[in-house]
Structure formats: C-alpha cells, structure tokens
Amino acid sequence: MSSDARLRIARLLLAVLLCTAHSGVSLAYEVPLTPAALHEAFILGQRNDAATAAFLNPYVKQITENSREPHIAEIQILTPFAQVVDLSRRFTSGYSEEQATREYHERGDTVVVRIVLMLPAAYPKPDAPNDAPAPAQQPAAPATALRPENFWQNFRFATKQHGKTVSTRFIRNQPIHSTPTKDTPSVLDGATVWLEYDAKDAASEETVVEVTTPDSKTISATFDLKKLR
C-alpha cells in the first residue's frame, strides 16, 4: 500500500473518531467518574432546568397500566453519572460540589433502580355520567387491612441482562403519603422502592427491569445502558 493510501485511510479514521466524539455517542456508561465528569454532573443537576429534565428523561419509564390493585407507576434506572445529576437537582440550595463528590466516593459505583408503586385510592376517580346508577355501597374495611405500609413486599423485583438476573446488593423502601388538609388526614398513597447494584455486576448492555404484581402480572421496562451516560 502506498504512503498516500495509508495517509488517506488515517485521515478517514481520524474523521470518524472526531465525528463520534462530537456526536455524544457513548458505548458505555461512565465508571468510575472522573473529576471532570463529576463537575459536569453536579452543574447539570444544579441547573435543574429543561436541559436537566431532557438528560434524565431516557432514564425513566412511565407505566400507564390501569388496575384496581396496587400497581407500578414509574420505573427509573440511574447510572453513577445520573445519580450525581439527580441528587444535585434535588438539593439545589446549600449543596456543594465538594459534598456531591464526597457522597459519590462514599457510595461507590452503583446502578440504582427506582420503582414507584401507587395504591388505587391515590388516583382520582373518573367522572361518572349524570344518568349512571350510583355504585352499590360496599362495607368499609379497616384502613390497615386495605393499605398496609409493607404492601410493596407483595411485589417481586428483578433486573436482568441477557436473561440472567443481576444480583441485588441492597433494597430499601419509603412510603408515599398524601398531603394532609384541614378536612382530611394524610393517608398512604404508595411506596418508592430502590434496588441497588454494584456497577461491576451491571454491564453496559440492554437491561430489563421486571416487576411482578401480587396477581402475578409482570410489568417490564427496558433500558439500554450503552446509550446512557
């Protein structure tokens, strides 16, 4: 091969590399985060504007299934970079970059799945036609029987890659309560469940989060970690 041909090939390869770099295409989510990446994630979160929302949008799936039973409202996956962005946007007052960096190093490189479960009573009832018959009154059951705060334990959660379940490192939950008013007390509306995975166990591949409801119905959301930062 002549030197001119080799030079043309080299220039072509360089052009492809530069095009890829400027296109924002990523072949893997970032781990570990460099100081520059931590700074960028912190600033993006502090902006807490349309750019922040647009960045986080691919990381979350809204679930629109209807049910009279407790059901899944939202499934979100957060890479290490997205976690810094998400925490920074939640604490825009008095939250420093040094604190964000320290917290990142303390928790290590993890992938977090966040699942929002809502109870049917949390959703407004559709307006019935004026000529619709009134529904039959059902005997009221004790509130503790209807909406126990551990209802989320009746669900099963799994995060899979290539059909294999990724080992969960940690799981926690937090109940969601309604805002009390003068006439109504706060009630349990649902729960948020967090599943934490070691980044070493979560490859930069297509990832499926599955939630199985108490009535054995499986809801899934797919995320391609190769396309997330």
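Values computed for the structure shown
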item	result
Test: residue 84 is among the β-branched types (Val, Ile, Thr), modelled with pLDDT of 65 or more, under 17 Å from the mean Cα position of the chain (by Cα) and in a helix (DSSP H, G or I)	yes
Scope region 103-112; condition charged (D, E, K, R), part of a helix (DSSP H, G or I) and closer than 14 Å to residue 81 by Cα; matching residues	103, 107
Members of region 1-43 found to be over 22 Å from residue 202 (Cβ atoms) and either among the polar types (S, T, N, Q) or at pLDDT 95 or above (or both), listed by number	2, 3, 20, 23, 35, 36, 39, 42, 43
Answer residue from region 48-83, given it is open to solvent by 50 Å² or more (accessible area, probe 1.4 Å) and in contact (Cβ under 8 Å) with a residue 12 or more places away in the chain and is nearest to residue 199 (Cα to Cα) among those	58
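The values are calculated or read from the model by the stated rules, or taken from the named source; none is laboratory data. What you see is a predicted model, and the numbers here were worked out from it, not measured in a lab. Counting neighbours? That spans all protein chains shown, and the Cβs are built from the backbone with ideal geometry, glycine included. Accessible surface is based on the protein model in full, side chains and every heavy atom, while ligands, DNA and RNA are left aside. Shrake-Rupley method; radii C 1.70, N 1.55, O 1.52, S 1.80 Å.
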